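I have placed the structure first, in the form of structure tokens, so that the comments after it can refer back to it.
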Amino acid sequence: MMDAFASKLKTPTYVLYSIFILIPLALVALIPAVSIVGVRIDTLTLILIYNIGLPLFTFFYSEYILLSRPATFSPPNISDNHPQLSNIRTIRKNVIIAAAIVGLFIGFSGYIILYFGNPFNIISKEAMSGLFLPTFPIVWAITAMITIYSMGVYTPYKKIRDGIKQVENEFADSMFILGRRISEGRSAEEAFSHTSQTMKGSKIGEAFADIAKNLSCMRTTLHGAIFHEEYGAFKDIYSDRVHTMMKLLTESVHKSHEAAGMAIIKLADHLKELQDVETNIKRSLYDVTSTMRSTAIIFAPLIAGVTLALSEVIQKILLNMSRESSHMTDDYDLEGLMSEAGTGMTQNVPPDIFLLVVGIYMVLLVIILTRFAGGIEYGDDRPQFMYDLGQTLPVSIMVFTVTTVVSRIIFSSMV
């Protein structure tokens, strides 16, 4: 089913990539020029198109594609009661405060520089002057707040999730060892102790050592040693796969040692097959996920940066033409001619607002593409998505910033 889904992804992905990403970004450079033919786009219209309409259409279309994804392996549902998340509410509150403070400082930095006289002409006061416009730091402020929140709050979840994946990867090998030991007629306590020694240094080895300790010290049942709410060795391992296998194990040990050992080995074989299936799924989806991630990190910000600089060049050219026409004699009456034709040269959207709208669109686009690539690869896993977003967004906006600044420097010599 996943192979069939992967083969059907090409056309919808091309539509998403071209119609909802490339074309809107390419049209950024043409928006200032459409005023020549009488089409006047004001700030509100630009916001409705690039910050509301296009992001919503892109999001709903990407979610529509994800609806056809077959259910495979559920992501771990990590509870806030996990020992490593005991102070997560305090962390979340502190991170939100820190993100707000950093965001406010960065967001107003452009205007602060202007207030102190704009040293070295860093801030641009009009089209194609300075290094960047005063609203550019606002884009970075939004990026910084999202990044700080994502990394600060969801890094503990990511560590727990990686630990769970490590346990799942080690679990099959440990089940082979455990099954062999039980089939030899060893007790459950001795079998788990031997397996923990063999798997020493691994997370599953630590869990099996806790099971052996519970069986010898707590004098509990095997089920209690594994799943008890207070002292169970697997109470903090949020893996449905591991829990299901261990429940099957507790049921099989009531039979003969040989039957229980063979059942455990069969379970281990099944786990290995599941891991192979997961690997094949990731391999079949790699083309799509890598394309979307590359688009979010490199291609989209590159295109946006260049086209944004081109739009500023066009704005500058139109502004120069408007100034030149105003100095012409009345005999030419060029302004009156342009007014009658409906081809005014003035722009309704100031350059700083134009950049802010496109920058926010870039942030929204990276969020949608990161969600889309993650949804294809690992499903609806919020902690993993937020962690990926915290890593992807600053890199993407950095590429966008460098491309915009370099393009403005290169194109400034043309006007």
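Tell me, please, whether a residue that is of a type in the set (D, E, K, R), free of Cβ contacts under 8 Å to residues at least 40 places away in the same chain and either out of contact with any Lys or Arg (no Cβ under 6 Å at 6 or more places or on another chain) or surrounded by 14 or more Cβ atoms within 10 Å (Cβ to Cβ) (or both) can be found in region 83-95.
At the first step, the residues of region 83-95 found to be of a type in the set (D, E, K, R) are 89, 92-93.
Applying the additional criterion that residues be free of Cβ contacts under 8 Å to residues at least 40 places away in the same chain yields 89, 93.
If we keep only those that are either out of contact with any Lys or Arg (no Cβ under 6 Å at 6 or more places or on another chain) or surrounded by 14 or more Cβ atoms within 10 Å (Cβ to Cβ) (or both) too, we end up with 89, 93.
Checking region 83-95: at least one residue is of a type in the set (D, E, K, R), free of Cβ contacts under 8 Å to residues at least 40 places away in the same chain and either out of contact with any Lys or Arg (no Cβ under 6 Å at 6 or more places or on another chain) or surrounded by 14 or more Cβ atoms within 10 Å (Cβ to Cβ) (or both).
Just to verify a result, which residue in region 73-96, among those that are outside any loop (DSSP other than H, G, I, E, B) and touching an Asp or Glu at 6+ places or on another chain (Cβ under 7 Å), is modelled with the highest pLDDT? Break it down into steps so the answer makes sense when it comes.
Applying the first criterion (outside any loop (DSSP other than H, G, I, E, B)) to region 73-96 yields 83-85, 88-96.
If we keep only those that are touching an Asp or Glu at 6+ places or on another chain (Cβ under 7 Å) as well, we get 83, 88.
Numbers: Pro83: 80, Ile88: 88.
Once the filter is applied, the top-ranked residue is Ile88.
Please find, within region 21-72, the residue that is surrounded by the most Cβ atoms within 10 Å (Cβ to Cβ) out of those that are of a type outside the set (A, V, I, L, M) and assigned to a loop (DSSP other than H, G, I, E, B). Steps first, please.
The first filter runs over region 21-72 and keeps only residues of a type outside the set (A, V, I, L, M), leaving 24, 32, 35, 38, 40, 42-43, 45, 50-51, 53, 55, 57-64, 68-70, 72.
Those left that are additionally assigned to a loop (DSSP other than H, G, I, E, B): 38, 40, 42, 68-70, 72.
Numbers: Gly38: 10, Arg40: 13, Asp42: 12, Ser68: 11, Arg69: 18, Pro70: 9, Thr72: 14.
Only one residue fits best here, namely Arg69.
Over 23 Å from the mean Cα position of the chain (by Cα) and at pLDDT 80 or above - does that describe any residue in region 51-65?
Within region 51-65, the first condition is being over 23 Å from the mean Cα position of the chain (by Cα), and the residues that meet it are none.
No, there is no match, as no residue in region 51-65 is over 23 Å from the mean Cα position of the chain (by Cα) and at pLDDT 80 or above.
Considering only residues of region 377-401 that are closer than 22 Å to Leu355 by Cβ and among the polar types (S, T, N, Q), which is surrounded by the fewest Cβ atoms within 10 Å (Cβ to Cβ)? Don't jump to the end; show me each part of the working.
Step one: list which residues in region 377-401 are closer than 22 Å to Leu355 by Cβ, which gives 392-401.
Then keep just the ones that are among the polar types (S, T, N, Q); that gives 392, 396, 401.
Values: Thr392: 21, Ser396: 28, Thr401: 18.
This residue is Thr401.
Considering each of Asn280, Asn320 in turn, give the residue that is closer than 28 Å to Tyr157 by Cβ and surrounded by fewer than 16 Cβ atoms within 10 Å (Cβ to Cβ).
Asn280
Being in contact (Cβ under 8 Å) with a residue 60 or more places away in the chain and assigned to a helix (DSSP H, G or I) is the filter; apply it to region 250-265 and report the residue that is surrounded by the fewest Cβ atoms within 10 Å (Cβ to Cβ). Working first, answer last.
Going through region 250-265, the residues in contact (Cβ under 8 Å) with a residue 60 or more places away in the chain turn out to be 253, 257-258, 260-265.
Checking which are assigned to a helix (DSSP H, G or I) leaves us with 257-258, 260-265.
Details: His257: 17, Glu258: 12, Ala260: 22, Gly261: 23, Met262: 16, Ala263: 19, Ile264: 26, Ile265: 18.
Of everything passing the filter in region 250-265, Glu258 is surrounded by the fewest Cβ atoms within 10 Å (Cβ to Cβ).
In region 96-123, what residues are surrounded by 14 or more Cβ atoms within 10 Å (Cβ to Cβ) and farther than 28 Å from Ile148 by Cα?
Asn118
The values are calculated or read from the model by the stated rules, or taken from the named source; none is laboratory data. In this text, all values refer to a predicted model and were calculated from it rather than measured experimentally. As a convention, Cβ positions derive from the backbone with ideal geometry for all residues, glycine included, and neighbour counts pool all protein chains shown.
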